[in-house]
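Beneath this line is the structure, given in structure tokens, with notes to follow.
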Amino acid sequence: MSTTLLARYWADLLNDYWSIAVAGSAPRRLIGLHDGEALTALFRALEDEAGEARGDLQTLMGTLPTSVPYHLQQLAGTVPMDYGNSVKEGL
């Protein structure tokens, strides 16, 4: 893995988390990855709670299927094997 690809991955991950947490919009960068589906699930869960009184994030995470927190942790701790295949070189 090159440093350029690693930097691009972290930029994409942070961009998706920013979209979800701050902008209130759906993630776009990593949703094509297997683990990236968890970002969409997190966004939908937050969106469902938007009309209700929001609880804390830990409570929300407890309502998600167990695979979602696992995949979010995988995204934070490792670069997915399929990431390099989903990124066009030269972007």
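Overview of results
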{"quantity": "Segment A21-A76, extension gain: residue separation times 0.36 nm, minus the distance between their alpha carbons", "calculated": "18.3 nm"}
{"quantity": "Whole-Å semi-axes of the stretch 3-80's equivalent ellipsoid (Cα gyration tensor)", "calculated": "23, 14, 10"}
{"quantity": "Estimated FRET transfer efficiency when R0 is 22 angstrom, pair E37-L5 (beta carbons, to 0.05)", "calculated": "0.55"}
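Bear in mind these aren't lab numbers, they're just calculated from the coordinates by the rules spelled out. Computed from a prediction, not measured in an experiment: that's the story for all the values here. Cβ coordinates were reconstructed from backbone atoms using ideal geometry, including for glycine residues, and neighbour counts include every protein chain displayed.
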